[in-house]
């Protein structure tokens, strides 16, 4: 029996149509309509799609839409977060392993390409894959074949690949962090998922749909969205995009307790990481204190719907990286900050 799938993988049952009825795909703005049109154009083909956009814009939901509109919609949609793949296990997780291929490989396990055979494989944050894994991915895209780790048998698959990144891959190619040939293989049909600040006209509909969904989740009546609060949402730049909007509305729903919606706290721009200690120490202190405050409120839980990363509108891996740079640990403030 294969080992259970790790938590960073989404493995729907065969025949399941991914749930794409999410606020991410609500909109009538020009930027949204252009993105949706391009997704619909490419969906009916088997072309590889590269989704480009900032964190939190809804690239996963866009990938689900392409799968749902394609001829592969009755097969599996397998989503892999490349930032969550341990470097030592990337090959076995993507391509599978034979029993005894390495220490602790007590069972034979199919890789994610095998699991997605006939369907769609979504590689989220593909720009974070190390060079070794990039070369193996290139071979699958070129020849639709690979070998499990520890096996000489070649496995052929029919998988449509959709990749996504928030990185500038052209710059990564220029400096040697990303293979040029893989970049060309992935970017057959690039689609940019616009940031929320470029589609402000969609915010009212997004907010309304999000409030309905969150109210159902928390078993509460949907509160009224006051005009003055909506004006505040429209004026904000949303560095965390749709994900940040959802987090802000969920916190507001919790503290409002019904009736008219009110924000849990004033909206504030995300503080950028400082480039030097001398000129920006005050900003560093503010950022460190804010993260610690949120961590303490969440009992130092980083991941999950009630974790600090969700409250901050960040990926868990991004929050952990920021914690390391700022010297934050559970022993805070006893530990000396690592930031220099």
Nearest-0.05 FRET efficiency for residue 170 and residue 235 at R0 = 56 Å, using Cβ-Cβ distance, is 0.95
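Given a Förster distance of 45 angstrom, what is the FRET efficiency for residue 318 paired with residue 219, based on the Cβ-Cβ distance and rounded to 0.05?
0.90
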Place a point 7 Å from the Cα of residue 68 in the direction of its beta carbon; the residues of region 184-206 whose amide N falls under 15 Å from it are none
Expected sort for 176-186, 218-228 on mean C-beta neighbours within 10 Å, highest first, is 176-186, 218-228
The exposure ranking of 231, 81, fewest beta-carbon neighbours within 10 Å first, is 231, 81
The rounded separation in angstrom of the Cα centers of region 209-251 and region 128-151 is 41
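Restricting the count to DSSP beta bridges whose residues both fall in region 40-167, what percent are antiparallel, rounded to a multiple of 5? All intermediate terms of the calculation are to be shown ahead of the outcome.
Working: 5 of 19 bridges.
So the antiparallel bridges amount to about 25 percent of the total.
Every read-out reported here was derived from the displayed coordinates using simple, explicitly stated rules and does not represent laboratory data. Everything numeric here is computed off the predicted structure, so don't read it as measured data. Ideal geometry is used to build each Cβ from the backbone, glycine not excepted, and the neighbour counts take in all protein chains shown.
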